[in-house]
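Asker: Just dropping this structure here.
The values are calculated or read from the model by the stated rules, or taken from the named source; none is laboratory data. Please read these numbers as outputs of a predicted model, since none were measured by experiment. We place every Cβ from the backbone using ideal geometry, glycine too, and count neighbours over all the protein chains shown. We work out accessible area using only protein heavy atoms, side chains counted, and drop any ligands, DNA or RNA first. Shrake-Rupley method; radii C 1.70, N 1.55, O 1.52, S 1.80 Å.
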Amino acid sequence: ASTPTSSYSPLAASRWTMTSNRIVANYINLPQYQLMMGGEVYLERIAAAEQTPGSVSDQDLLDSLTKLNTGGNAISDAQVSLITNGQSFSDWTSVLKNKLRTGGVLSTYQRQQIETIANNIYSNYVKGFQPIYQQVTSQLQAAGVPQAFWTIPNLGDVQGMASGQYSTSGSTQSIQQQATSAGYDYQAMVNAGYTDAQIEAAINASSTNQ
């Protein structure tokens with residue numbers, strides 16, 4: 001564990017913080033950094049909707065997903081179609097928008113689909129951020145900046161957000177069997193970038209909808 005900032009003198013703390021900020025400043029305007037940081041607020045809103053039903057309106061939920069994905073179309077239609085029964089991102093979101101426009105409400109299954117897709121979009125952003133994180137932390141270490149003063153998001157924390165903080169309830173083999181039973185192509189989902197936790201969440205959402 002890193003030494004807490006309170007263990008340093010005010011002068012040392014100020015010096016380390018300024019050094020860290022100077023190093024990080026060279027990277028914060030890069031698209032990969034901006035996409036990861038900018039997407040966080042939308043991912044948190046989508047997660048809040050799942051954790052506290054009714055806290056976020058269906059329209060806000062769908063808008064958050066659309067805004068999350070505006071950064072260069074972060075998810076491929078191949079990845080989306082595995083969750084939406086073959087529909088592309090634009091076709092699927094159009095169906096949901098039309099449903100809301102005519103007074104309908106999103107089903108629990110559709111809301112869970114949104115969360116699964118959002119986690120995968122953000123996971124792609126985190127993958128783009130990872131090389132930046134490695135470069136920045138390498139420079140911070142070379143400059144001798146204690147970890148407590150690093151002014152860059154912790155990679156483990158953002159990776160946790162990208163996975164929805166999920167933990168799987170079984171082994172890879174059991175999840176693969178569940179996927180097959182539910183009609184999902186497990187290997188195709190893995191190849192598309194989905195984690196076991198996200199696959200399990202999709203399976204659970206599908207079974208809830210049945």
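Asker: Using a 1.4 angstrom probe on the protein heavy atoms only, line up 129, 89 by accessible area, largest first.
Answerer: From most exposed to least exposed: 89, 129.
Asker: Students often forget the sequence filter, so: which lysines lie under 16 Å Cα-Cα from residue 67 once same-chain residues fewer than 8 apart are removed?
Answerer: Of all the lysines, those that pass the test against residue 67 - Cα under 16 Å, at least 8 places apart if same chain - are 97.
Asker: Let me ask something else. Calculate what fraction, in whole %, of the accessible area of the range 44-173 sits on carbon and sulfur atoms when a 1.4 Å probe is rolled over the protein chains.
Answerer: On the range 44-173, the fraction of accessible area on carbon and sulfur atoms equals 46 percent.
Asker: About its Cα centre, how strong a charge dipole does the chain have in debye, to the nearest 20, once Lys and Arg get +1 and Asp and Glu get -1 at the Cβ?
Answerer: With Lys and Arg at +1 and Asp and Glu at -1, about 480 debye.
Asker: Under a Cβ-Cβ cut-off of 13 Å, what is the net charge of the residues other than residue 103 that fall near it, where Lys and Arg count +1 and Asp and Glu count -1?
Answerer: Residues near residue 103 contribute +2 overall.
Asker: Could you point to the residue in 34, 62, 195 farthest towards the positive end of the chain's charge dipole, with +1 and -1 charges on the Cβ of Lys/Arg and Asp/Glu respectively?
Answerer: Comparing the listed Cα positions along the dipole, 34 ranks first.
Asker: Something else about it: Where q = 0.16 Å⁻¹, what log10 of I(q)/I(0) comes from the Debye formula for the range 1-140, counting one point per Cα?
Answerer: -0.86
Asker: With a 1.4 Å probe and all protein chains kept in place, how do 45, 22, 111 rank by accessible area, largest first?
Answerer: Descending order: 22, 45, 111.
Asker: Turning to a different aspect of this structure: Please compute the per residue accessible area over the chain with all protein chains in place, 1.4 Å probe, rounded to a whole number of Å².
Answerer: Result: 50 Å² per residue.
Asker: For the range 58-102, count the residues as N, evaluate 2.2 N^0.38 Å, and divide the Cα radius of gyration by that value, please.
Answerer: So the range 58-102 has a normalised radius of gyration of 1.13.
Asker: Now, a different point. Express in Å², to the nearest 10, the accessible area of residue 11 obtained by rolling a 1.4 Å probe over the protein heavy atoms while all chains stay in place.
Answerer: We get 140 Å² for residue 11.
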